[in-house]
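Every number in this text was worked out from the coordinates using simple rules, so none of it is lab data. Model, not experiment: these values are computed from the prediction. Because the Cβ atoms are built from the backbone with ideal geometry, glycine has one as well, and the counts that use them run over all protein chains shown.
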Amino acid sequence: MLIGKPSDIPSSEITSKSAYREFLNRRRFLKAAAITGASMLGADRLAEVLEPRTRADAAVTKLKTVYSPLTTTGEQLTSYQDITTYNNFYEFGVDKDQPAKNSGALPTRPWSVKVEGLVAKPRTFDIEDLLKLRPLEDRTYRHRCVEAWSMVIPWVGYSLSEFIKQCQPLSSANYVQFLSYYNHGVEPWATRETDIRWPYSEGLRMDEAMNELALLTFGLYGETLPNQDGAPVRIVLPWKYGFKSAKSLVTIRFVKKMPHTTWNDESSFEYGFYANVNPNVPHPRWSQEYERRIGLPFYEQRRKTLMFNGYTDQVAYLYKGMDLRKNF
Ligand code: MTE
C-alpha cells in the first residue's frame, strides 16, 4: 500500500486502508477456499476467514481529524493489518499476535485518566472530555522498537504538552510518570507469561514531555485505537524506542524524582530511562544500526536506523551536554 504523501491527506479521507483490507480478505478467502472448499466451512470459520481483523478491534469508530504540520515522514505507511496484529502489549501475552487475539475484553468505556502528584489540583479526566480537549491531529510518525523492527504509523492525537498545561503541574515537578491499566482478571497473561511488576510504568523528564512531538494518542488511520494498540489513550514518542510509549493510560503522575520504569526495572543495563533511538549504541545483545521495516518485501525491509529516529532537529536540544553514548 503506497499512499502518496500522507501529510497532504487527512486520515479520514484515506480509503486505501479499506481497499487493502478488502484485498487481504479476498486473498485469504480464496486461499482457504482452495484448500478446504468454501461450502464446507462452518459459519464461524467462514467469518474468520473473511474477516482477518480481530474481535479486539471490532469496536473502533471514526474520529474527526485535522491536518498536522508535524507529520514528519512521506514514507510508505505500514498497513493497518500489520499495525494491529504485530504488537507488544505484554499484559495480553508476549507473542506479537497475542494482543490482537486477547485484548477484546479490555473495558475502554467508561474510561478515565487520573492526574495526581505535584499539580495545582489533582483531577480525573473522562475520556470523552480528553477527546474534545483539542482538535485531533493526523500525525504520521516513524515507530522504532528496541527489538530493531519499525513501522510508519498515521496516529491521531494532540501534543501531550496541551494536556499537561491543563494539569497545571507545580514547578517542583521534574518528571511525569505514565501508568497503564492493569487488571489480572482481564489480563491473566501478564503474570502467567512474565515476571514484570505491574502496572506498566513509563516516564519522561518534564521538558521531554513538553516537546511538541510527544503525542497523546487516541487513534490511528483516522479511527479510535484498537485495544491491542493501547485503547483508548496512549502516548507516542517517535524519537524514543517504542517501549517508552505506554498504552491504555489510567494515571498520569507528576513527580520530583525520576520514576521507576518497567523495562528499566526488568533489565537496567539493556533498557535505559531515556531510551532515545540511537544507532551508535548497540543493545547488549544486538546492533541498533539497522532496522527491519515491517510489511515490506523481504529485500526492502532492511534500512539504516537514524539518530533520534530521524527527529534530531526537533529533539536534540533536550540532550545537550549529555553523553549520547551512555544515555541509552
Ligand atoms: N504499554 C504497555 N502497557 N504494555 C506493553 O507491553 N509495550 C511497549 C509499548 N507500550 C507495552 C506498552 C513496547 S515494547 C512497544 S515496542 C510499543 O508499546 C508497541 O506498540 P504497538 O504494539 O502499538 O506497535
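Return LYS326, LYS240 ranked ascending by Cβ neighbour count within 10 Å, so the fewest neighbours appear first.
On the way: LYS326 9, LYS240 26.
Least to most surrounded, the residues fall as LYS326, LYS240.
Sticking to Cα atoms, compute the Rg of region 190-306 to one decimal and its Dmax as the biggest Cα-Cα distance, whole number, in Å.
15.6, 47
Long-range amide H contacts for GLU223: which residues qualify at under 5 Å (H placed 1.01 Å from N, peptide plane, sequence gap of 5 or more or a different chain)?
LEU63
Quick one, can you get me the convex hull of the C-alpha atoms of region 223-281 expressed as volume per residue in Å³? Don't skip to the end; give the middle numbers.
Values: hull volume 6.8 nm³, N = 59.
Per-residue hull volume (Cα only) is 115 Å³.
With 18 Å as the cut-off, how large is the P(r) tail for region 115-172, expressed as percent of Cα-Cα pairs? Each step should come with its number before you reach the end.
Working: 848 of 1653 pairs.
Of all Cα-Cα pairs in region 115-172, 51 percent lie more than 18 Å apart.
Could you put TRP263, TRP239 in order, starting from the residue whose Cβ has the fewest other Cβ atoms within 10 Å? Walk me through the numbers on the way to the answer.
Details: TRP263 21, TRP239 28.
Ranked by crowding around the Cβ, least crowded first: TRP263, TRP239.
For the pair TYR317 and ALA120, what calculated FRET efficiency results from E = 1/(1 + (r/R0)^6), where r is the Cβ-Cβ distance and R0 = 35 Å, to the nearest 0.05?
Numbers: r = 27 Å, r/R0 = 0.78.
Once the sixth-power term is evaluated, E becomes 0.80.
I want to make sure I understand the PRE zone here: with the label point 7 angstrom from the Cα of MET307 toward its beta carbon, which residues in region 249-275 have backbone N atoms less than 17 Å away?
Within reach of a label on MET307, which here means backbone N under 17 Å from a point 7 Å along Cα→Cβ, region 249-275 contributes 275.
List the residues whose amide H sits under 5 Å from the amide H of TYR290, counting only those 5 or more places along or on another chain, with H placed 1.01 Å from N in the peptide plane.
THR305
Just to check I understand the Karplus step: with θ = phi - 60° and J = 6.51 cos²θ - 1.76 cosθ + 1.60, what whole-Hz values come out for region 222-233, glycine and proline as x?
x, 10, 4, 5, x, 3, 5, 9, x, 4, x, 8
Can you sort ARG139, ARG293, ARG123 so the residue with the fewest Cβ neighbours within 10 Å comes first?
Details: ARG139 28, ARG293 19, ARG123 14.
Sorted ascending by nearby Cβ count, the order is ARG123, ARG293, ARG139.
A 20 angstrom limit on the alpha carbon distance is what I want to check against. Which of LYS101/LYS244; LYS64/LYS132; LYS121/LYS165; LYS114/LYS256; LYS96/LYS247 exceed it? Provide the component values of the computation, followed by the final result.
On the way: LYS101/LYS244 23 Å; LYS64/LYS132 10 Å; LYS121/LYS165 12 Å; LYS114/LYS256 18 Å; LYS96/LYS247 15 Å.
Too far apart for the 20 Å limit: LYS101/LYS244.
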